[in-house]
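Below is one structure, written out as structure tokens, with a few remarks after it.
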Amino acid sequence: MKSFCNLFILFSLVVLSPVLSAQNQLIDEVYRPQFHYTPAESLLSKPNGIVFLNGKYHLFYPQELKGLQDRQVLCNRAVGTDLVHWRQQSAILLPAPDDEKDELFAVGSVLVDTQNLLNLQNAGETSSLLVFCLNGRSELIILYSIDEGQNWKQYPDKIDLSVAEDDLIDDPKVFWDPDSKKYILTVYRVPGRDLSSQGVSYYSSENLIDWNFESHFAGPGTCVDMVKLKVNRRDDDTRWVAFEGDGSYTIGSFDGKKFEPETAKAQGDFGKNYQGPITFQNGSGGDDRIFQLAFMEGGEYPGMPFEGQLSFPCELGLKKYLDGVYLMRKPVNELELLHEKGDTWEEKNLIPGLGKNLTKKVKGDCLHVQGTFDLKSASSFGFVVRNSKKAVGIEIRYDVTKGILSCQGKGVKLAPEDGKIELEVLLDRTSIELFGNGGKAVLSSCYTAEPDARDLVLYNTGGELFVEKLEVYPIKSMYEPK
């Protein structure tokens, strides 16, 4: 039987036209998120990754389109310069495997071959690489582009990981490790398809072709990712953080061969809809920030031509507290590029029962809310977003007596710092991302509200609440007319 690899080499990758030219115009459907990325139409899934090349961020993600033959895979793309404005590009249609037992997994990895290790580029060119796994075999499939993603071909050499024939591998992630001066490959692997041994396997390579098995860390699930982060922004204090597909993470050390956990696994997001996070960075002009993006799985979009949205890009860091080191996740500052004229309140003492809503003049379905609250004698406080006279909106609540921050039926323990709670809310038309105390606790959730519900309510119960500072900014659409 003709092998899939030979078929893939002979097959010319089909480049699809953008599925909707309206991406270059204002997209304003009632359930279309306005600053969280969505495809023009059809299904969005977990992102493959983002690379920064020639002044632009290139986002890659699997997508399903109606009319494709069974088991064909579409890798879609979007390009932006500032992490908030994205334009959907032409997509890459991969052929279905020749062998019915094989399956080309849609979730992969993307990187830039800055050293031209694959010898693909001429002077002035830079090659982008997409790496996928072929189920049923111990092979990696590499696609490459030397024209910033406009055209793609398959790298002809066979990339064999030499795992056992009955092993299951998936979710490859390739990254450069500056300490070992090698590329590291992490894959989700189930040795002998025995789920009790599932985990992440580590490989290293100096040329992106020959991979050496280094170790296997049992336990983690699918969509593994790993990144090195600074503690308290100090260059001399760093940790490695290993992520799983549900957003959970483990902090530890990595010597280029083996990951040694130093903490128990912790939950990275406590909301209803956060899956398959991926990390990336810019790396140019002294920008050393580490970013993370995820798939907000499970949202509902009645009557829309698409399904699914991505979380808003966040910056990652580690912060040391008395009881240990915690992951911190905050929206990127580039969100301010979408700010419209907002409102600010400072040093306002709120007494419950007076019927006074500090934010009663605020209207909107896309808002950026930032506030610092002195708890004083309050037993609880929070916001009700997308509220209206016809229906009660979605509640964001901090229970002072229990120390729990909650939204959409999900909650997380969050202790006050100096008697205060900081809240940051990203409200879009079908999603809420809630950040407590600088991103120590995060809840990402999808919701569906009446299109005309646009009121914002700030409330407190049981006692006084002191608003040290509160800022609310309406957010304009990321979809700019061409």
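The values are calculated or read from the model by the stated rules, or taken from the named source; none is laboratory data. Computed from a prediction, not measured in an experiment: that's the story for all the values here. Virtual Cβ from ideal backbone geometry, glycine too; neighbours counted across all protein chains shown.
I want to confirm something. Restricting to the range 105-128 and keeping residues that are part of a strand (DSSP E or B) and within 30 Å of residue 192 (Cβ to Cβ), which single residue is modelled with the lowest pLDDT? Ranking the qualifying residues of the range 105-128, first place goes to 109. The condition of being outside any strand (DSSP E or B), outside the structural domain of residue 84 (by TED's automatic domain parsing) and not aliphatic (A, V, I, L, M) holds for residue 361. Taken across the range 279-287, residues that are touching an Asp or Glu at 6+ places or on another chain (Cβ under 8 Å), farther than 22 Å from residue 325 by Cα and in a loop (DSSP other than H, G, I, E, B) do not occur at all.
Note on the range 161-211: enclosed strands (runs of 3 or more DSSP E) holding 3 or more residues that are touching a Gly at 6+ places or on another chain (Cβ under 8 Å) and closer than 27 Å to residue 113 by Cβ are 168-177, 182-190. Among the residues making up the range 255-278, those that are closer than 19 Å to residue 320 by Cα and crowded, with 20+ Cβ neighbours inside 10 Å are 268, 269. Condition check for residue 223 on (1) at pLDDT 90 or above; (2) under 24 Å from residue 293 (Cβ atoms); (3) of a type outside the set (Ser, Thr, Tyr): one failure, at (1).
Scanning the range 141-153 for residues that are at pLDDT below 85 and closer than 24 Å to residue 182 by Cβ returns a single hit, 141. Within the range 301-316, is even one residue over 17 Å from residue 429 (Cα atoms), touching a Cys at 6+ places or on another chain (Cβ under 8 Å) and buried (at least 19 other Cβ atoms within 10 Å of the Cβ)? Within the range 301-316 (the criterion being over 17 Å from residue 429 (Cα atoms), touching a Cys at 6+ places or on another chain (Cβ under 8 Å) and buried (at least 19 other Cβ atoms within 10 Å of the Cβ)), the answer is no, since none of the residues qualifies. Using the structure shown, decide if residue 412 is crowded, with 20+ Cβ neighbours inside 10 Å, at pLDDT 95 or above and aliphatic (A, V, I, L, M). Spelling it out, it is not the case that residue 412 is crowded, with 20+ Cβ neighbours inside 10 Å, at pLDDT 95 or above and aliphatic (A, V, I, L, M). Confirm whether residue 298 is at positive phi and part of a loop (DSSP other than H, G, I, E, B). So residue 298 passes the test. The strands (runs of 3 or more DSSP E) found entirely in the range 435-478 that carry 3 or more residues being of a type outside the set (A, V, I, L, M, F, W, C) and surrounded by fewer than 22 Cβ atoms within 10 Å (Cβ to Cβ) are 455-461, 465-474. Beta carbons closer than 8 Å, at least 6 apart along the sequence or on distinct chains, pair a first residue in the range 113-124 that is within 15 Å of residue 53 (Cα to Cα) with a second that is not in a loop (DSSP other than H, G, I, E, B) for 113/127; 113/128; 113/129; 113/144; 116/127; 121/113; 121/127. Among the residues of the range 241-267, those that are more than 18 Å from the chain's Cα centre (by Cα), free of Cβ contacts under 8 Å to residues at least 60 places away in the same chain and in a strand (DSSP E or B) comprise 252, 253, 259, 260, 261.
Exactly one residue out of 207, 212 is surrounded by fewer than 16 Cβ atoms within 10 Å (Cβ to Cβ), without any contact (Cβ under 8 Å) to a residue 60 or more places away in the chain and over 27 Å from the mean Cα position of the chain (by Cα), and it is 212.
Within the range 389-434, if we keep just the residues that are farther than 25 Å from residue 30 by Cβ, in a loop (DSSP other than H, G, I, E, B) and among the hydrophobic types (A, V, I, L, M, F, W, C), the residue that is nearest to the chain's Cα centre (by Cα) turns out to be 414. Return yes or no: is residue 433 under 18 Å from residue 320 (Cα atoms) and not assigned by TED's automatic domain parsing to the domain that holds residue 35? No: the conditions fail for residue 433.
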